[in-house]
Amino acid sequence: MELKLIHILGPVLATVAMLFYGRAMVNKGGRSINVASTFALIGGAILFRVMFGEGTFLDRICLILMDFGIAMIIDSRYLKANNSHPKVFWVPGLLALIVSFLIYFAASLFGWTVNSMFELMDPDEPAAVELAALPPADLRGEVLLELGPDDQIEELAPLMEKFQATYEDAFPMIDMEESEDLAQVWLVRMPEANEAAFLEEVKKDKENVDYAAENLVVTLDPNEGPGDASAVSRGFITNDPGVSQQWWFTAEETNQLHTLLKENEPKKKAIVAIVDTGVDTDHEDLTGVSNSDKGKPGDKQGHGTHCAGLAGAATNNGTGVASMNWEGKFIELRSYKALNDNGSGSIFKVARAIISAAEDGADVVSLSLGMRERFPNKIQVDAVKYALEQGCIVVAAAGNDYGEDAKSHSPSNIDGVIAVAAVDRTLHRSFFSNINTSLKMPLAAPGSDIFSTFPKGEYRSFNGTSMATPVVSGLMGIMRAYDPDITAEEAWKLARDTGQEIDDSHEVGIYVNLLKAVDTVIGEKSGS
């Protein structure tokens, strides 16, 4: 695990300061220790963290508590070696650590911004799946700019020069006939210090500029974590060994579901686009159903691979986990890497991935990501609108903010998107899941203790609305495989009307019933 220098220096300085304080206690009455200098060292350690620390004020308070908690526990050994009272140090040191972690826990419950602790983690380690990453440096100083249909970016040349800005066509694959709005979007980069002033000035140009906003960070939904993939009953007709650890697949209904899929050939193979951290297309349970020529293969983070397995892992192949993709005949998975190896990206990158998937003929776009945003960014709204116009069904996670209203979570709050909340084994709202019933197209799906594929041939269990989302995306893909003309709204209504009313449906919508939904769409297309 690689640590930033500041995270090493903070505890070191605090340890030295408290060691001097400990020596003052051991030598009380003597003149070998200058008490004033001791307190100056303690104040310097605190000042160092305040001045050079990163994150919010709350971040720095927590990290100061951590620094001195660690320092006092270490220095209690010095007191013990000198026949003093080590409890004077280790008791308040332990309390400082407890208070620090309690603040972080409270922050996760109430949505306060506390980020710096996450930087201690090496983004290449699998545990990074559980946390929303910080904004990468290459996102700083970026603005999304939409010009009017008759305007040219060259008209803003003096402003670009003034703020040392460069620009590029954000969506070169879109022409004016396809979308006048998206074809006129530009990604503008400049020194971070110039961004606020640039935005203020460019918004005054009403003649040329229709819309301007910071290229905000989009992440994996926070608060996802490892789940418990304990085995359920056996007796499945599919020979995937991992199905016994997928609690939402009960033997009776799953056998009926897979029998239906086995006996009724699809009209087409539906394309499900995983817009995420990438997909490990070499994974043993994905290699036969993933198209590595589309998007960017590979997934160091793991989140996208986990979602891909839920949407369409090869089923009845004697390997790994099961999905609805019986023998890989129904769904082709395609990866569109919109998030980096830390799990963070930007509005621009997500919008570009959505547009690229739509251009490539995706039937379903699966978005297990998001951000808190009451009024969605226009660029993202336009990208979703474009995908819907191209015939895509767009499915997005409702978010993991512990029961907040998903109307403040984007892109799930964009019109036309199916917003998915998570339920647990008891078919109650997962404690972390947002409430999505204020949105137009809510659904609920399994999101706690979800076992699926993970890079390098592994399988792991995680929690999150991110996990519930590809379950629904896979169902939408099956619907498209049988009914290529079904619209997003029609597919949602079918899932709602065939779904199960549960105790928490007033919060999370109807819980999808995979068997009834597939049975209905097959019956409708066969005329029975």
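The values are calculated or read from the model by the stated rules, or taken from the named source; none is laboratory data. Please read all numbers here as calculations on a predicted model, not as lab measurements. We place every Cβ from the backbone using ideal geometry, glycine too, and count neighbours over all the protein chains shown. Protein only, heavy atoms only, side chains kept; ligands, DNA and RNA dropped before computing areas. Shrake-Rupley method; radii C 1.70, N 1.55, O 1.52, S 1.80 Å.
Model label sites at Ala197 and Phe39, defined 7 Å from Cα along the beta-carbon direction, differ in position by 4.3 nm. Once the Cα-Cα distance is subtracted from the 0.36 nm per residue extended length, the Ile153 to Lys329 segment shows a gain of 58.7 nm.
May I ask which of Lys204/Lys337; Lys440/Lys516; Lys329/Lys456; Lys300/Lys378; Lys269/Lys300 have a Cα-Cα span longer than 26 Å here? Present the calculation step by step, with values, prior to reporting the outcome.
On the way: Lys204/Lys337 35 Å; Lys440/Lys516 22 Å; Lys329/Lys456 24 Å; Lys300/Lys378 30 Å; Lys269/Lys300 28 Å.
Beyond 26 Å between Cα atoms: Lys204/Lys337; Lys300/Lys378; Lys269/Lys300.
With contacts taken as Cα pairs under 8 Å at a separation of at least 6 residues, the chain carries a relative contact order of 13 percent.
Can you bin region 373-513 into rounded, prolate or oblate? Criterion: square roots of the alpha carbon gyration tensor eigenvalues sorted a ≥ b ≥ c, rounded for a/c under 1.5, prolate for a/b above b/c, oblate for the rest.
rounded
Once both labels are positioned 7 Å from their Cα atoms along Cα-to-Cβ, the gap between Gln164 and Asp415 label points is 4.2 nm. Global size of region 131-276: 24.9, 71 Å for Rg and Dmax (C-alpha atoms, Rg to one decimal, Dmax whole).
Overall shape: oblate for the chain, with the ratio a/c of the largest to smallest alpha carbon gyration tensor axis at 1.5 or above and b/c at least equal to a/b.
When Lys and Arg each count +1 and Asp and Glu each count -1, what net charge do the other residues less than 11 Å away from Ser505, Cβ to Cβ, add up to? Mind showing how you got there, number by number?
Details: positive: Arg429, Arg496; negative: Glu501, Asp503, Asp504, Glu507.
Around Ser505, the charge tally is -2.
Remark: the chain carries 42 Å² of accessible area per residue (probe radius 1.4 Å; ligands, DNA and RNA excluded).
Note on surface exposure: His303, His506 rank His506, His303 by accessible area, highest first, 1.4 Å probe.
Taking a sphere under 10 Å around the Cβ of Gly477 and counting the other residues whose Cβ falls inside, with K and R at +1 and D and E at -1, yields a net charge of 0. Of the peptides 440-447, 481-488, 169-176, the ranking by mean beta-carbon count within 10 Å, highest at the top, reads 440-447, 481-488, 169-176.
Judged by the mean number of other Cβ atoms found within 10 Å, the most tightly packed of the peptides 349-359, 373-383, 206-216 leads the ranking 349-359, 373-383, 206-216. What value, in deg cm²/dmol to 500, does the helix sum -39500 (n - 2.57) over DSSP H runs of n ≥ 4 give at 222 nm once divided by the residues of the chain? The helix-only estimate for the chain comes to -12000 deg cm²/dmol at 222 nm.
The portion of the accessible surface of the chain made up by carbon and sulfur, rounded to a whole percent, is 54 (1.4 Å probe; DNA, RNA and ligands excluded). With 0.36 nm allotted per residue and the present C-alpha distance subtracted, the Phe101-Glu458 stretch has 125.4 nm of extension available.
For Lys385, the aspartates and glutamates whose Cα comes closer than 12 Å to its Cα, not counting residues fewer than 8 places off in the same chain, are Glu178, Asp181, Asp415.
With a ≥ b ≥ c taken as the square roots of the eigenvalues of the C-alpha gyration tensor of region 144-198, please select rounded if a/c is under 1.5 and otherwise prolate if a/b is larger than b/c or oblate if it is not? Since a/c reaches 1.5 and a/b is larger than b/c, the shape of region 144-198 is classed as prolate. Here the 3J(HN,Hα) profile of region 255-266, calculated from phi with Karplus coefficients 6.51, -1.76 and 1.60 at θ = phi - 60°, is 5, 5, 4, 5, 5, 4, 5, 5, 8, 10, 5, x Hz, Gly and Pro shown as x.
What ranking do 255-261, 65-71, 320-326 get when scored by the average of other Cβ atoms within 10 Å per residue, highest first?
Working: 255-261: 19.4, 65-71: 24.0, 320-326: 27.0.
Highest-to-lowest ranking by the protection proxy: 320-326, 65-71, 255-261.
Here the calculated FRET efficiency for Lys204 and Leu9, from their Cβ-Cβ distance with R0 = 41 Å, stands at 0.40, rounded to the nearest 0.05. Annotation for region 467-528 versus region 348-381: alpha-carbon center distance of 22 Å. Gyration tensor over the Cα atoms of region 365-419: the corresponding equivalent ellipsoid has semi-axes (square roots of 5 times the eigenvalues, largest first) of 19, 12, 8 Å.
The Cβ shell under 9 Å around Gly416 holds other residues with a net charge of 0, Lys and Arg each +1, Asp and Glu each -1.
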